[in-house]
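Below is one structure, written out as structure tokens; the observations come after it.
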Amino acid sequence: MGAKPRSLSGIKPTGTPHLGNYLGMIKPAIQLQKTHETFYFIADYHALTSTRDPEKLREYTNDLTAIFAALGMDFENHAFFRQSDIPEVTELTWILSCITSKGMMERAHAYKDAISKEQDVSMGLFCYPVLMACDILIYDSNFVPVGQDQRQHLEITRDLAIRFNHLYGDALVVPEAIIAEDVATIPGLDGRKMSKSYGNIIPLFASEKQFRKAIMKITTDSKSVDEAKDPEACSVFALFKCFADKADQEALAERYRAGDMGYGEAKQLCFEKLNAELHEPREIYQQIRNDQAKLDGILESGRDKARVIARQVTDRVRNKVGL
Ligand code: ADP
Ligand code: TRP
């Protein structure tokens, strides 16, 4: 592998991938292939903190592999793999757990959220940020493209790398997050953050008919066609904006403000704009999704590339700590 900076990211196989995942993580991650060496993986160890269904776990793993293939990930020159195919990451997690303060984990958003809802907290959920830090550090990653909601995890990762280097001498690369501010949080059908856990998603690769139907279901206020509308307060416009160029954005915003557009028409325009970008990848996705041998081959070749680096970094760390 060459002298390009390395970009790494992960996504959990815990549900049907949606437009929020696409805009917040998958699309920017794939674009980075031009300028970076990229390592992307399916975070199946992390998925175990919330999933107890082995069949679904395998199904969503296949979905994600086919999605990255359909969107143009170049598997020859970059690595796409399963987190659990690199068991070294669990060893590194143990080593870094020993320099992680419990207080820092108690301040993590996901943990605090679970506590405030009086949910049962497993050790897996509590230690989630350490495993995530190791996912990043074990590949000497320079950049990590993620959605806004992962910012704190990246701060924890940097803290742990700096702390390790301070205690044992330089061994870990301190990574930087790449967060696209303009697509920071994509709203779902009900206006809240689009998320598998809220049941408000627009699936990335449903059939064209289901895709259109989902867009038609986006919640809006009850303003009539000729009332002036605020584009910035509308989820349909928020989605349109992520797929349209500046001129199209401005034209639609102008019609909203002038009271020259009903939400039905806006939704239809939104569907057309999104479908223009996603139509072709959807077809490729449908072809690849059932080709199990191809999907397995992609993950095996990614595993072989990732494991070489993971072993080097783990050995470096073992050596530093005296193992
Ligand atoms: P979910 O909330 O649906 O469970 P994940 O937590 O699996 O999604 O997120 C996978 C990736 O997609 C992360 O990088 C996350 O920041 C990004 N992401 C998820 N939902 C959104 C959203 N609504 N807007 C922008 N990015 C998102
Ligand atoms: N926590 C991330 C999410 O919920 C998934 C993830 C696990 C990840 N390990 C990672 C993302 C390492 C970036 C880098 O979306």
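The values are calculated or read from the model by the stated rules, or taken from the named source; none is laboratory data. None of the values given here were measured: they were computed from a predicted structure. Cβ placement follows ideal geometry from the backbone for every residue including glycine, while neighbour counts extend to all protein chains displayed. With ligands, DNA and RNA removed, areas are computed over all heavy atoms of the protein, side chains included. Shrake-Rupley method; radii C 1.70, N 1.55, O 1.52, S 1.80 Å.
Name the residues in region 171-208 that are more than 21 Å from residue 71 (Cβ to Cβ) and not in a loop (DSSP other than H, G, I, E, B), would you? Selection gives 176, 177, 181, 187, 193, 197, 198.
In this entry, residue 126 is excluded by the filter for residues that are open to solvent by 20 Å² or more (accessible area, probe 1.4 Å) and in a loop (DSSP other than H, G, I, E, B). Scanning region 120-161 for residues that are away from ligand 2 (no atom under 13 Å from the Cβ) and at pLDDT below 95 yields a total of 1. Among the residues of region 141-162, some residue qualifies, meaning at least one is within 9 Å of ligand 1 (Cβ to nearest atom), small (Gly, Ala, Ser) and touching a helix residue (DSSP H, G or I) at 6+ places or on another chain (Cβ under 7 Å). Tell me, please, whether a residue that is within 16 Å of residue 141 (Cβ to Cβ) and open to solvent by 10 Å² or more (accessible area, probe 1.4 Å) can be found in region 43-52. No, region 43-52 contains no residue that is within 16 Å of residue 141 (Cβ to Cβ) and open to solvent by 10 Å² or more (accessible area, probe 1.4 Å). Quick check: is even one residue across region 160-167 in contact with a Lys or Arg (Cβ under 8 Å, 6 or more places away or on another chain), open to solvent by 30 Å² or more (accessible area, probe 1.4 Å) and not small (Gly, Ala, Ser)? Taking every residue of region 160-167 in turn, none turns out to be in contact with a Lys or Arg (Cβ under 8 Å, 6 or more places away or on another chain), open to solvent by 30 Å² or more (accessible area, probe 1.4 Å) and not small (Gly, Ala, Ser). Of all residues in region 242-262, those satisfying the criterion of being without any contact (Cβ under 8 Å) to a residue 24 or more places away in the chain and charged (D, E, K, R) are 245, 246, 250, 254, 255. Taken over region 1-15, the criterion of being near ligand 1 (Cβ under 9 Å from one of its atoms) and farther than 20 Å from residue 307 by Cβ is satisfied by 12, 14, 15. Scanning region 61-89 for residues that are away from ligand 2 (no atom under 14 Å from the Cβ), outside any helix (DSSP H, G or I) and in contact (Cβ under 8 Å) with a residue 60 or more places away in the chain gives 71, 72, 75.
Could you check, for region 224-246, whether at least one of its residues is acidic (Asp, Glu), closer than 21 Å to residue 14 by Cα, assigned to a loop (DSSP other than H, G, I, E, B) and open to solvent by 10 Å² or more (accessible area, probe 1.4 Å)? Quick ask: steps written out before the conclusion?
If we filter region 224-246 for residues that are acidic (Asp, Glu), which is where we start, we get 226-227, 230, 232, 245.
Pick out the ones that are also closer than 21 Å to residue 14 by Cα and you get none.
No, there is no match, as no residue in region 224-246 is acidic (Asp, Glu), closer than 21 Å to residue 14 by Cα, assigned to a loop (DSSP other than H, G, I, E, B) and open to solvent by 10 Å² or more (accessible area, probe 1.4 Å).
Residue count for region 44-54 under the criterion of being away from ligand 2 (no atom under 12 Å from the Cβ) and either β-branched (Val, Ile, Thr) or closer than 22 Å to residue 193 by Cα (or both): the result is 1. Against the numbered list (1) surrounded by 18 or more Cβ atoms within 10 Å (Cβ to Cβ); (2) small (Gly, Ala, Ser); (3) closer than 24 Å to residue 220 by Cα, residue 302 comes up short only at (3).
Condition test on residue 211, is it crowded, with 19+ Cβ neighbours inside 10 Å, more than 24 Å from residue 36 (Cα to Cα) and within 16 Å of ligand 1 (Cβ to nearest atom)? Against the criterion (crowded, with 19+ Cβ neighbours inside 10 Å, more than 24 Å from residue 36 (Cα to Cα) and within 16 Å of ligand 1 (Cβ to nearest atom)), residue 211 does not qualify. Scanning region 90-111 for residues that are surrounded by fewer than 17 Cβ atoms within 10 Å (Cβ to Cβ), part of a helix (DSSP H, G or I) and among the β-branched types (Val, Ile, Thr) turns up just one, 90.
How many residues does region 6-43 contain that are part of a helix (DSSP H, G or I) and near ligand 2 (Cβ under 10 Å from one of its atoms)? Walk me through how you get there before you give the answer.
Narrowing region 6-43 to residues part of a helix (DSSP H, G or I): 19-34.
Adding the requirement that they be near ligand 2 (Cβ under 10 Å from one of its atoms) leaves 21, 24-25, 29.
Qualifying residue count, region 6-43: 4.
Annotation note: Cβ proximity below 6 Å between a residue of region 126-138 that is in the same structural domain as residue 80 (by TED's automatic domain parsing) and a residue that is assigned to a helix (DSSP H, G or I) and within 9 Å of ligand 2 (Cβ to nearest atom) (sequence gap 6+ or interchain) occurs for 129/153; 132/153; 133/157; 136/157.
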